1. Cβ-Cβ under 9 Å, sequence separation 6+ or interchain: first residue in the range 27-56 and at pLDDT below 85, partner of a type in the set (D, E, K, R). Which pairs?
2. Criterion first (in contact (Cβ under 8 Å) with a residue 12 or more places away in the chain and over 15 Å from Tyr37 (Cα atoms)) does Val112 satisfy it?
3. Among the residues of the range 106-136, count how many are surrounded by fewer than 12 Cβ atoms within 10 Å (Cβ to Cβ) and polar (S, T, N, Q).
4. Right, Ala85: surrounded by fewer than 17 Cβ atoms within 10 Å (Cβ to Cβ) and outside any loop (DSSP other than H, G, I, E, B) or not?
5. State whether one or more residues within the range 60-67 are closer than 21 Å to Gly154 by Cα, free of Cβ contacts under 8 Å to residues at least 60 places away in the same chain and not charged (D, E, K, R).
6. Where in the range 88-164 are there strands (runs of 3 or more DSSP E), lying wholly inside it, with at least 2 residues that are modelled with pLDDT of 90 or more and among the polar types (S, T, N, Q)?
7. Starting from the range 117-145, take each residue that is closer than 20 Å to Glu89 by Cα and acidic (Asp, Glu) and list its partners that are assigned to a loop (DSSP other than H, G, I, E, B) and modelled with pLDDT of 80 or more, counting only C-beta distances under 9 angstrom and pairs at least six apart or across chains.
8. Collect the residues in the range 62-77 that are in a helix (DSSP H, G or I) and aromatic (Phe, Trp, Tyr), keeping them in residue-number order.
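The values are calculated or read from the model by the stated rules, or taken from the named source; none is laboratory data. Quick caveat, the model's predicted, so the values are computed rather than measured. Methodologically, a virtual Cβ is constructed for each residue, glycine included, from the backbone with ideal geometry; neighbour enumeration extends over all protein chains shown.
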Amino acid sequence: MAKTRAAARLWTAVLLMMLACAGGSVFAESLHAGYYYPESVTEEQYVSRAQNIPQATRESRLAFVSGVAKSVSERPYPPQRAMFAKGDEAQKLIIVSLYDNHMTTLAQARAVLALMTGVARTTQIMRELQVESIFNFLDFCKMLGFTELTVSDGRTYAHRIVIE
């Protein structure tokens, strides 16, 4: 009996190592889908007109997400959605609704991204680069080095935008 359990643990460890060595993507994806958002994920590609800025590092992406979280926490009402970065280099941005009747459709999620475009356009970096009237939130994500953005209502859908 003990040998059977030890063998099962060994095979489980080998399988996890194989998944992790397969570029990490299968393993990492299994950690996000079904945990932060529903398993079924639709996908599209967005070809950005922006380029990564030299300051685009893991730390800058985490600082951006922390800054948004701090700003949201200072409001007099609870946050409507959570935003966080995942991946080895914090290159995957995830936005999930915290309420049942918020971002219930992909169109509503796109409207939220449009609102976030307005906020991104007021940032100092966008004004300094003089691109605030050209770029949108996905372009801003590209500038920061995010390679994908997943939006979800947290219950019925998840949609990934691969940013190129």
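1. The qualifying pairs are Ala28/Lys86; Ala28/Asp88; Ala28/Lys92; Leu31/Lys86; His32/Lys86; His32/Lys92; Ala33/Glu39; Tyr36/Lys86.
2. On the way: in contact (Cβ under 8 Å) with a residue 12 or more places away in the chain: yes; over 15 Å from Tyr37 (Cα atoms): yes.
Yes.
3. 4
4. The answer is no for Ala85.
5. Looking through the range 60-67, at least one residue is closer than 21 Å to Gly154 by Cα, free of Cβ contacts under 8 Å to residues at least 60 places away in the same chain and not charged (D, E, K, R).
6. It comes to 148-152.
7. Short answer, once both residue conditions are applied: Asp139/Ser48; Asp139/Arg49; Asp139/Ala50.
8. The one that is in a helix (DSSP H, G or I) and aromatic (Phe, Trp, Tyr): Phe64.
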